[in-house]
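Step one of this worksheet: look at the structure below.
Nothing in this text is a laboratory measurement; each read-out follows from the coordinates by a stated rule. Nothing here was measured: the structure is a model prediction, and the numbers come from that model. Heads up, the Cβs are rebuilt from the backbone with ideal geometry, glycines too, and the neighbour counts pull from every protein chain shown.
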There are 2 protein chains.
Amino acid sequence: MKHAAPRRAPLYQQVKILLLEALESGEWLQNDVLPSEFELAARFEVSQGTVRKALDELVTERVLYRRQGKGTFVAAYLDEWDRAGFVLSGFNRTQEVEKVQPELLTCMRANASEEVSEALGVRRGAPVVFVKRLLRLNGRVMAMDDVVLPGDLFDGLDSRKIRQNGGALYELYHRVFGVRVVRTREQLRAEPAASDEARLLGVDKGSPLLCVTRVAYAAEDKPVEWRRSWINTEQHAYSST
Amino acid sequence: MKHAAPRRAPLYQQVKILLLEALESGEWLQNDVLPSEFELAARFEVSQGTVRKALDELVTERVLYRRQGKGTFVAAYLDEWDRAGFVLSGFNRTQEVEKVQPELLTCMRANASEEVSEALGVRRGAPVVFVKRLLRLNGRVMAMDDVVLPGDLFDGLDSRKIRQNGGALYELYHRVFGVRVVRTREQLRAEPAASDEARLLGVDKGSPLLCVTRVAYAAEDKPVEWRRSWINTEQHAYSST
DNA sequence: TAGTGGTCTAGACCACCGC
DNA sequence: CGGTGGTCTAGACCACTAC
């Protein structure tokens with residue numbers, strides 16, 4: 001890379017991309033240690049400082065983590081709640097993060113509504129995949145959500161693939177479709193439960209639900225998922241970290 | 001700083017602290033340009049790269065901003081909604097951020113409740129300052145909040161000071177009490193309006209409100225403010241950015 | 001002790017800005 | 001054109017980890 005063709009992006013950005021490609025190709029798996037900064041520098045024909053700057057960014061994006069004296073490692077791909085920077089946590093005391101168990105209700109082809117098409121940057125009526133789920137915490141139903149994905153990016157997605165993956169959607173997007181969620185945006189509202197939601201969540205119609213509308217973005221701010229969740233916050237809070 | 005006493009923190013961290021002190025002392029004001037990286041390096045007797053690393057952190061913390069070819073500048077201190085990473089925004093269409101107008105209802109001395117004392121890391125019953133406000137958006141009441149501050153950090157705080165400052169609390173903490181909010185954590189719930197809240201917000205008792213419990217932290221994760229807001233999300237959403 | 005990440009330096013060149 | 005931030009290098013030393 002010493003004297004490559006007229007440089008467009010900075011070297012460390014190019015190194016970062018090469019590292020991401022190597023990661024996606026499976027060269028290093030979860031919790032594997034990467035070659036040392038000097039070895040990577042030799043491989044990419046740049047200086048150690050340049051590799052370090054690329055690694056810095058991947059660490060802040062939580063793709064890698066470092067341990068002084070040991071090395072640089074591949075981070076576990078975070079599940080969808082973590083990736084959003086949010087977790088469902090006990091409202092009083094218990095700060096431990098509890099595991100969310102999703103149950104798939106629906107997975108079907110559909111066409112983008114007005115709201116979804118704007119959020120995903122596709123034309124209205126464009127083919128999308130529609131997913132409906134129920135989310136349990138310690139066996140108790142406590143949220144439901146509708147997920148809408150652009151059809152072109154998620155071509156072969158079906159119920160079987162989702163169930164196989166145990167319901168961790170963002171990991172599925174990444175591993176099977178090569179779509180890595182980098183950032184999310186959310187809008188939050190308090191809404192009275194409609195009859196459908198009340199029935200599914202086992203609450204009275206009209207009781208307050210936390211309604212979260214989320215758009216997930218991959219690299220270069222490309223929107224890749226629209227999602228609306230209804231959460232019963234009687235026992236738990238939706239918390240930022 | 002070349003050969004200072006046995007080094008505890010890295011040089012760039014020390015430089016960062018010196019820069020923050022200079023900022024708090026008013027050496028440079030909002031949108032002022034700082035000396036160049038080389039001038040700062042000479043002043044602190046470190047290399048330009050070390051100054052740059054200190055500036056990098058202050059830029060990511062939004063204390064400074066840079067313009068290539070021009071210089072490094074002092075950022076405007078963000079108001080409390082921005083600093084939290086949240087803004088109240090129109091739910092449909094209009095993405096422009098609207099200005100929140102706070103109205104002070106109460107400012108009094110009180111004692112820390114159990115919940116507040118845990119969040120602020122003070123003993124139960126410790127002296128605190130209690131503030132109650134009404135928040136308007138375009139003249140319409142749309143939220144209320146209770147703010148609790150540790151009494152030792154905010155000794156002379158009273159209604160007059162809050163009103164003088166136009167209600168921007170985080171800027172007041174910073175400018176008058178030297179407390180710079182760096183990070184916040186929030187827990188969100190949907191709750192039925194109690195009679196007090198319903199009356200103040202002009203909604204029916206029991207109608208859904210978004211309840212946000214926030215703890216704000218200064219440097220070194222020191223908690224400096226506890227706050228609970230009730231938000232009417234009929235017309236607007238509480239949105240992350 | 002050897003190898004890793006973490007810090008720091010001095011100097012170079014580039015891209016952008018304003019005169 | 002000179003001055004600024006932005007990138008890149010080569011080499012040094014430190015702190016931590018493992019053996």
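Computed over chain A, relative contact order equals 16 percent, with contacts defined as Cα pairs under 8 Å that lie 6+ residues apart.
Relative to the dominant Cα principal axis of chain B, helix B:48-60 is inclined by about 10°. Take the Cα of A:Gln101, step 7 Å along the line toward its Cβ, and report every residue of segment A:123-140 whose backbone nitrogen sits under 16 Å from that point. From segment A:123-140, the list is A:134-140. Between A:Val33 and B:Arg160, the modelled labels are 6.5 nm apart [label points 7 Å from Cα along Cα→Cβ].
Taking every C-alpha pair closer than 8 Å and separated by at least 6 residues, the mean separation divided by the residue count of segment A:22-81 gives a relative contact order of 38 percent.
Here chain B is treated with +1 on each Lys and Arg Cβ and -1 on each Asp and Glu Cβ, and its dipole about the Cα centre works out to around 260 debye. With 22 Å as the limit, the listed pairs A:Lys132/B:Lys205; A:Lys16/A:Lys222; A:Lys205/B:Lys132; B:Lys70/B:Lys99 have A:Lys132/B:Lys205; A:Lys205/B:Lys132; B:Lys70/B:Lys99 beyond it between alpha carbons.
I need the fraction of alpha carbon pairs in segment A:102-241 separated by more than 20 Å, rounded to a whole percent. Of all Cα-Cα pairs in segment A:102-241, 48 percent lie more than 20 Å apart.
Normalised size of segment A:109-184, defined as Cα radius of gyration per 2.2 N^0.38 Å with N residues, equals 1.16. In this assembly of identical copies, the label point of A:Lys161 (Cα plus 7 Å along Cα-to-Cβ) is separated from its counterparts by 5.8 nm, sorted shortest first. Name the residue from B:Gln14, B:Val131, B:Asn165 whose Cα lies farthest towards the positive end of the charge dipole of chain B, charges +1 on Cβ of Lys and Arg and -1 on Cβ of Asp and Glu. Toward the positive end, the furthest listed residue is B:Gln14.
Placing a label point 7 Å from the Cα of B:Glu27 along the Cα-to-Cβ direction, the distances to the matching points in the other copies come to 4.4 nm, shortest first.
Calculated FRET efficiency, A:Lys205 and B:Arg62, Cβ-Cβ r, R0 41 Å, to nearest 0.05? Efficiency computed from Cβ-Cβ geometry: 0.40. Between the helical axis of A:11-24 and the longest alpha-carbon principal axis of chain A there is an angle of about 60 degrees. Distances between copies at A:Gly125, taken between label points 7 Å from Cα along the C-beta direction, are 7.1 nm in increasing order.
Each of B:Gln48, A:Trp226, B:Ala219 was scored by the projection of its Cα onto the charge dipole of the protein assembly as shown, and the greatest displacement toward the positive side belongs to B:Gln48; charges sit on the C-beta of Lys, Arg, Asp and Glu. Summarising the amide proton neighbourhood of A:Glu225: residues at separation of 5 or more, or on other chains, whose placed amide H is nearer than 5 Å comprise A:Ala216.
Remark: C-alpha extents of the protein assembly as shown on the principal axes read 65, 64, 40 Å, sorted largest to smallest. Here the spin labels are modelled as points 7 Å beyond Cα on the Cα-Cβ line, and at A:Gln13 and B:Asn138 they lie 3.9 nm apart. Mean residue ellipticity at 222 nm, helices only, the protein assembly as shown: -8000 deg cm²/dmol; runs of at least 4 DSSP H residues each add -39,500 (n - 2.57), and the sum is divided by the number of residues.
For chain A, the longest piece that avoids every one of the trypsin sites (Lys or Arg not before Pro) found in DSSP loops with at most 14 other C-beta atoms within 10 Å covers A:125-204. Overall shape of chain A was characterised from the C-alpha gyration tensor. The equivalent ellipsoid obtained from it has semi-axes of 37, 22, 15 Å, in decreasing order.
Between B:Gly167, B:Gly69, B:Gly26, the GNM of chain B built on Cα springs shorter than 10 angstrom shows B:Gly69 fluctuating the most.
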